[in-house]
Every structure is written in structure tokens, then in C-alpha cells.
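Engineer: Questions regarding the structure given below will be posed in turn.
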Amino acid sequence: MQTPYALHSVLFSLCGSLVDFGSHCRTHWQRHADLPGLIHEAEQHAKRLAAGARQCLQHLHQRQLRYLWVDDLPAPACAVLQRPLSEISASNVDALQWNTQHLRPWPAPDRLWHALSHLEAPALHGSVLVSSDPATLQAGMNAGLWCIGLAVSSQHIGLSESEWHALPAPQQDALRAQATLGLFKLGVHSVIDSVSELPDCLDDIAQRLARGERP
């Protein structure tokens, strides 16, 4: 008899995970806080899904895992960033229309708990956060979730997919190691390059959870 899958809910950041490889929009907002400029950045970096994102979400469907993308960027920019995702799962679109003005900013866990409530998640310990943003990951740990850091697609490195693949392997290895170390220092439970590696990572966490481990 097959053991029931121990995970049930997955939350994603938008930037640096499913779209906007390199998290350029978040970097722009942190540096300039300029909404028109941010929307322009979103238009440029949300033209397609990150590599492996479609297959990743298909895996979640196969596992019957509920998922949602959550971000603290202004709603107009999030609406642009999520466009490629709406073709896959329209049910997530309304989630970004919540009135979140009453929620504390990262790293407070409010926004994540709100998202899990929207998903009707039965428990925190079967929920996972996938993000490249340190403040979001800290919020995930504060919320009591399994936290998976994304190294290569993060703003730690800040390169587009094409720029990343153009680098020689030794330079990739050095940048990956630096970003990975920074994420593990936060206390995350796992670090992977990008969402293309997420299915195997989720299976590993599900096995850890089934053995009695907790985040």
C-alpha cells in the first residue's frame, strides 16, 4: 500500500521563482520604489515562465497539491507578473486581489497565513514556501512552513536565464555556492537552483515529514 503524500500546500513568490528569473522586479522596487518603472520591469521580465515552471506546476497537479503565488510587490506589478501563470491556473488570479493593507510586511508571517487560509490548508507542517527572497523566506520560517530557497534564479545572482547559461561553469559554480550559502545561513530547509528542481525536492521533504520531521 502506497504511503499517502505528506504535503498538501505550496506557496510561491512571483519574482525569482515561476517568473522573472533573477528577480529583477524586486531589485528595481527596492532600489527605486517607482511604480511606473516597476510595471515596465514587470512587462519585460514576465513575457514567459521560468524554465521548468510549467512542468513543476504539472507535478503539483499530479500530486494534488494546492498552490498559490504570494508577493508583497504592488498589485499592478503582480497582475503583470502573473499573466503567464493565468494560462495554467486561473484559480490563483483572484488571490492577488486581497486587501493586504492590514497585513504586516515581511518577515511577519501574516501574508502567508492568509494565503494558506485561502487554500484551506489543513495544517502548517504540510505546507511549503518556495522563494528566492530572504525576507519572504524568513516570513515562511516565522510562519512554521517548510522553506525552499532558490539560489540561481535569485536576486543574489540577479542574472537572466540567458545570462546565467552564458557564464563559464567555474563562474556558475562560484556564484551558486555563494548564493546557496547565503540561503542556508537564513535557516531554510533546502536550497535548489530553480523551480525546475522542485519536484524532487518536494518528494524529499514529503519523506522527511512522513518520518516525523517537522519544519
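The values are calculated or read from the model by the stated rules, or taken from the named source; none is laboratory data. Quick caveat, the model's predicted, so the values are computed rather than measured. Positions of Cβ are backbone-derived with ideal geometry, glycine not excepted, and every protein chain shown enters the neighbour counts. Each accessible area value is taken on the protein alone, full model and side chains, heavy atoms only, with ligands, DNA and RNA left out. Shrake-Rupley method; radii C 1.70, N 1.55, O 1.52, S 1.80 Å.
Engineer: Give me the accessible area per residue for the range 96-156, probe 1.4 Å, as a whole number in Å².
Structural biologist: 38
Engineer: Sticking with this one: What three numbers, in Å, describe the spread of the alpha carbons of the range 123-184 along their principal axes, ordered from the longest?
Structural biologist: Result for the range 123-184: principal-axis Cα extents of 43, 20, 18 Å.
Engineer: If each of S162 and R63 carries a label point 7 Å out from its Cα toward its Cβ, how far apart are those two points in nm?
Structural biologist: Placing both labels 7 Å beyond Cα along the Cβ direction yields 3.2 nm.
Engineer: While we're on this one: Using only Cα atoms, figure out Rg for the chain and give it as a multiple of 2.2 N^0.38 Å.
Structural biologist: Expressed relative to 2.2 N^0.38 Å, the Cα Rg reads 0.96.
Engineer: While we're on this one: Pop out the carbon and sulfur fraction of the accessible area of the chain as a percent, whole number, probe 1.4 Å.
Structural biologist: Ligands and nucleic acids excluded, carbon and sulfur give 50 percent.
Engineer: Extending each Cα 7 Å along its Cβ direction at Y5 and R214, get the distance between those two points in nm, one decimal.
Structural biologist: Distance between label points: 2.4 nm.
Engineer: Per q in 0.14, 0.26, 0.31 1/Å, what log10 I(q)/I(0) does a Debye calculation on the alpha-carbon atoms of the range 152-207 return?
Structural biologist: -0.41, -1.11, -1.27
Engineer: Related question: If eta is 1.567 mPa s and T is 4 °C, what Stokes-Einstein diffusion coefficient results for the range 9-75, Kirkwood Rh from Cα pairs, in µm²/s?
Structural biologist: Translational diffusion coefficient: 102 µm²/s.
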